[in-house]
Structures are given as C-alpha cells and as structure tokens.
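Undergrad: Sending over a structure as structure tokens; questions will come in a sec.
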Amino acid sequence: MTKKRVRVTCLGSKGKCGWIAYCAYVPIVQTWQLRKIVDKHTCCREFNNRLMNAKWLSGRIENTVRENLTVKVVHIREKGLRKWNVSISHTMSFRARSMAANNIDGSFTKQYKRIYDYAHELRRSNSGSTIKLKVEDHDGAKIFQRFYICLKAYKNNFVSCRSIIGLNGCFLKARIGGELLTIMARDANDHMLPLAYTVVEVENKDMWSWFLDILIDDLGGRPNIRPKPQHRRGCVWKPCKSNVNLNLNLILTMKTICILYFVSGQDII
C-alpha cells in the first residue's frame, strides 16, 4: 500500500484465498479507481470476527434497546448473524445490551448520586410528608442503605380508613438488589390505600423495627418493643396512647403478610 496504490487481499484459508482488489489514485479527478478485481473466494465463510466488540455492538443496538428495554439476548445474537453474518457470543450480547441501556437511562451509580435531589423534590412537592434517607460513610463516599417514604396525602386519607393495615415485602430484582417493604390500608370502600413504603438492604427484624417505628411516630406515639415466647420469629410492639386516642398492638411474623390492629383501649395479646 502506498499513497497512490492499494492492494486488498483476503486472509481466509491462511492467506491462500484468491480474492483480490487493486486500486489506484487518479490525481486529475482526485479519486480512486478500481483497476483489477478477482471477485471469487476460495476460502470458507468465517462467522467469528475479532474486530467486533461489545462497545461497537452496543451502539448498533441502541435504537432496538430504546424501543424495547426487555429485548432478549437471543434476539440480539440472531440480528448479528442475519445482518452482519457474524456469530455473537451470549456474553458479548448481554454486555452490549447493558451498555446500551446505560447510555439510554444512565448508570445505576449516577442515579444513586442524585438520591438527595429526589428526597428534596418529594418534600417540596408534597409538603408535610415524611422522607427519611439513611446512608453509610465508606472512605469518604456515601453508600445508600435505606429510604422511607410516607406522603402527606396518605396520612390524611388514613383517618377515614378502616382500623387495620397489612405489611408485605418483595425482592427488588435489579442490578443493585434489596427489599421493598410496604404498608397498605383499607378505606371505607374496602379498597387498598398505600400508606408507606421503604427500600432496605434485607428483610429482617431490624429493618421492620426501623420501618414501623417511623410509621408509628408519623401516626403519633412511641412503641416499646417487648418480645414474647410464643412469637419465635417476631416481635410485639405495644405503643403508648397516641394523639389520635388509639392504642396500637402490632403482631409481626417474619416473611408473611402481617396484620396490624388499631384497637381503642383494648389489649388483644
């Protein structure tokens, strides 16, 4: 190859393939001219291309991922074989899809850096709501741990709800993981009303205690934790009389749906 001549050959069959193309530069018209070509391959087709990597592939499938964030890896592999005649591994397809999703929605790390902005926006747009964020210091960096939300509208609507609420939790099946704990109430029409929810590391007694202590403080009153022998995997909360003239008796059994009874002047335990 020189500045005025280019010879292109096929490296298939260890360089023994007969395909060749010869081009020369024509300075008068300032363009390249194809002088000779042998357009016949004697090598076998190669489906593996080392020049293709996950970064290059993520740019080609970004529009596909934008239209369908749950596109399957097998569809990406089929597209590569159909469009470029290249075999793409499962690992490369998965990495390319993740990179494309990060370019569209932003990375998880960058999103967690703005968790304070999200908390302040909730307080600004929902005056009177309870928003609590807990982080851990690690080498000068803030590591997210827990996030509690109880909106003011939920508190106001709970006054007209039935005196019974339910607790439940589920896994967050994402890259970061964690647990989502929720508390639901029942209104006069027997419809479910979200009362509060939180994102925690794991579901255990400490997480439920932290969650319920904040909830009871929102409703008025402060619980005293007093475990009993008959509740092997749970605890009993017996709060004092609140400003809404209600006594709260909580029976919590871990990993099940829990019911909290609000009874006036009565002990059910």
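Computed from the coordinates by the stated procedures, all read-outs in this text should not be read as laboratory data. Small disclaimer: the values here were computed from a predicted structure and weren't measured. Cβ: placed from backbone, ideal geometry, glycine included. Neighbour counts: every protein chain shown.
Undergrad: For the pair residue 11/residue 110, report the inter-label distance in nm, with labels modelled 7 Å from Cα in the Cβ direction.
TA: 3.5 nm
Undergrad: What's the FRET efficiency of residue 153 with residue 68 using the Cβ-Cβ distance as r and R₀ = 41 Å, to the nearest 0.05?
TA: Rounded to the nearest 0.05, the efficiency is 0.75.
Undergrad: Would you list, by chain and number, the aspartates and glutamates whose Cα falls below 19 Å from the Cα of residue 132, excluding same-chain residues fewer than 8 positions away?
TA: Hits, sequence-local ones excluded: 117, 121, 179, 201, 203, 206, 213, 217, 218.
Undergrad: Here's a follow-up. Using 31 Å as the Cα-Cα cut-off, could you pick out the over-long pairs in 4/55; 14/72; 40/83; 72/155; 3/83; 40/79?
TA: 4/55; 14/72; 72/155; 3/83
Undergrad: Fewest first, what order do 183, 115 take by the number of other Cβ atoms within 10 Å?
TA: Ascending Cβ contact count within 10 Å gives the list 115, 183.
Undergrad: Follow-up question, since we're still on this one. Working out 0.36 nm times the residue gap between residue 171 and residue 38, then minus their Cα-Cα distance, what length gain in nm do you get to one decimal?
TA: 41.8 nm
Undergrad: Hand me the chymotrypsin sites (Phe, Trp or Tyr not before Pro) from the stretch 31-115 located in a DSSP loop with no more than 14 other Cβ atoms within 10 Å, in residue order please.
TA: Sparse-neighbourhood loop chymotrypsin sites (Phe, Trp or Tyr not before Pro): 47, 84.
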